[in-house]
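One structure below.
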Amino acid sequence: MWHGIDMCSLVYSFAFVPCACEHQGIVDDQFTQLRKLEDENSPHFVMEVASLFFEDCEKLINNMAIALEQKQGVDFKQIDECIHQLKGSSSSIGAMRVKNACIAFRSFSDGQNREGCLRCLQQLSHEYSLLKNKLQTLFRLEKQIVAAGGSIPRVH
Amino acid sequence: MVMAASETKFHVLAVDDTLIDRKLIEKLLKTSSYQVTAVDSGTKALEFLGLNNNDHHDVEVNLIITDYCMPGMTGYDLLRKIKESSSFKDIPVVTMSSDNIPSRINRCLEDGAEEFFLKPVQLSDVNKLRPHLMKRRTQTNVNKRKAMDEIVSPDRTRARYNELEVK
């Protein structure tokens, strides 16, 4: 019936990924809260919010990279606004390491330290990639479970 | 569809310029069985309420929950405008912010906000809204009953007015 796909290992992985993420500090309790909100009325809520976050993050990282490259002078006020936005949205989705990277970034931006900011931006990109990778794995597993006729175990 | 006042869902107006937070607050409110309208600015909130024009408006909003940091009109500006409006000053307003700044929190609470939520807002925060909404509904029903009594028996109203506490 499961057409060769090992449902047990799919479901196990599906449970494992968020646990591992939380254990590694990639996500915090807020992410669990989001998963608890998912129900029959909005079965893709977490995926939708995550997609919005990915878009937001990529745009802001890109804007900061451009701002930091400006030869005539870096607009640190713009950098600060980007960090503030990203800190807010990462906090809302429970992306703890991205949020912490923003907090560290802010101190270099406040100090108008271009080199420090470049390093922070790199760290931020790294944390973002890590998170995106994990979440996309989770969503892929979810699709596989549903495609194989299984149902998604809900968080309570 | 006409429903008895006690059965109608409470209607909450949510104001936040960030799409992710708007989606989140909308979900939290719907999960708690509220009817939700979400807008992305204070200006749009006022337009929705009908404050920006003198046209008769049919929309009934039972509570407004607003982000503090927004471009243009901040959540605090919106709070002040609501509280200064004769039509809407009795609507409970709740403010939210991702920044934990005591002076900001105190200012909002002193100037009329019922609650101040720190983001990320959770279901436990949204649960705190119900008493403010129930109190308002009870007060509205009491006022309606008093108004009905006055129509029925004008002699009794003089004594009533003496007892009424004007806030």
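In table form, for the structure just shown:
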| quantity | calculated |
| --- | --- |
| Residue A:140/residue A:62 FRET efficiency (R0 25 Å; Cβ-Cβ; nearest 0.05) | 0.50 |
| Trypsin sites (Lys or Arg not before Pro) within segment A:93-153, DSSP loop, no more than 13 other Cβ atoms inside 10 Å | none |
| Heavy-atom accessible surface of the protein assembly as shown: percent carbon and sulfur, 1.4 Å | 51 percent |
| Loop-located GluC sites (Glu not before Pro) in segment A:94-151 whose Cβ has at most 11 other Cβ within 10 Å (DSSP) | none |
| Kirkwood Rh (inverse of mean 1/r, distinct Cα pairs), segment A:90-153, angstrom | 13.6 Å |
| Distance between modelled label sites at residue A:8 and residue B:137, nm, 7 Å Cα→Cβ extension | 5.0 nm |
| Length-normalised contact order of segment B:9-145 in % [C-alpha pairs under 8 Å, at least 6 apart] | 21 percent |
| Furthest towards positive pole of dipole, B:143, B:96, A:136, structure part the protein assembly as shown, Cβ charges | B:143 |
| Two-decimal log10 I(q)/I(0) for segment B:9-145, as the Debye equation yields it once each C-alpha is a single scatterer, q = 0.17 Å⁻¹ | -0.89 |
| Exceeding the 27 Å Cα-Cα cut-off - candidates B:119/B:144; A:132/B:128; B:44/B:128; A:87/B:89; A:77/B:83 | B:119/B:144; A:132/B:128; A:87/B:89; A:77/B:83 |
| Separation of the residue B:9 and residue A:123 label points, Cα + 7 Å toward Cβ, nm | 4.4 nm |
| Radius 15 Å from Cβ of residue A:77, net charge of other residues (Lys, Arg +1; Asp, Glu -1) | -2 |
| Hz values of 3J(HN,Hα) by residue in segment B:34-43 - Karplus curve (6.51, -1.76, 1.60), Gly and Pro given as x | 9, 7, 10, 10, 10, 10, 9, 7, x, 4 |
| Drop in accessible area of at least 40 Å² in the complex versus isolated chain, residues of segment B:13-54, 1.4 Å probe | B:20, B:23, B:24, B:27 |
| Computed magnitude of the charge dipole of the protein assembly as shown (debye, nearest 20; Cβ of K, R +1, Cβ of D, E -1) | 480 debye |
| Summed buried accessible surface, chains B and A, 1.4 Å probe, nearest 100 Å² | 1400 Å² |
| Residue B:107 versus residue A:24: modelled label distance in nm, points set 7 Å from Cα along the beta carbon direction | 4.2 nm |
| Members of segment A:31-80 that become less accessible by 30 Å² or more once partner protein chains are added (1.4 angstrom probe, chain alone as reference) | A:37, A:45, A:49, A:52 |
| Filtered chymotrypsin sites (Phe, Trp or Tyr not before Pro), segment A:1-93: DSSP coil and at most 12 other beta carbons within 10 Å | A:2 |
| Dipole in debye (nearest 20) - segment B:9-145, about Cα centre, beta carbon charges: Lys, Arg +1; Asp, Glu -1 | 620 debye |
| Cα gyration tensor of the protein assembly as shown - equivalent ellipsoid semi-axes, whole Å, descending | 43, 29, 15 |
| Segment A:18-156: proportion of alpha-carbon pairs further apart than 18 angstrom, % | 56 percent |
| Over chain A, relative contact order from alpha-carbon pairs under 8 Å, at least 6 apart, % | 34 percent |
| Interface residues, segment A:10-30 - accessible area loss of 30 Å² or more versus chain alone, probe 1.4 Å | A:30 |
| Computed [θ] at 222 nm, deg cm²/dmol, chain A (DSSP H ≥ 4; -39,500 (n - 2.57); rounded to nearest 500) | -26000 deg cm²/dmol |
| Å² per residue, accessible surface of the protein assembly as shown at 1.4 Å | 56 Å² |
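The values are calculated or read from the model by the stated rules, or taken from the named source; none is laboratory data. What you are looking at is a predicted structure, and each value in this text was computed from that prediction instead of being measured. A quick note on method: Cβ atoms are made from the backbone with ideal geometry, for glycine too, and the neighbour counts reach across all protein chains shown. When the accessible area is computed, the model is the full protein with side chains, heavy atoms only, and any ligands, DNA or RNA have been set aside. Shrake-Rupley method; radii C 1.70, N 1.55, O 1.52, S 1.80 Å.
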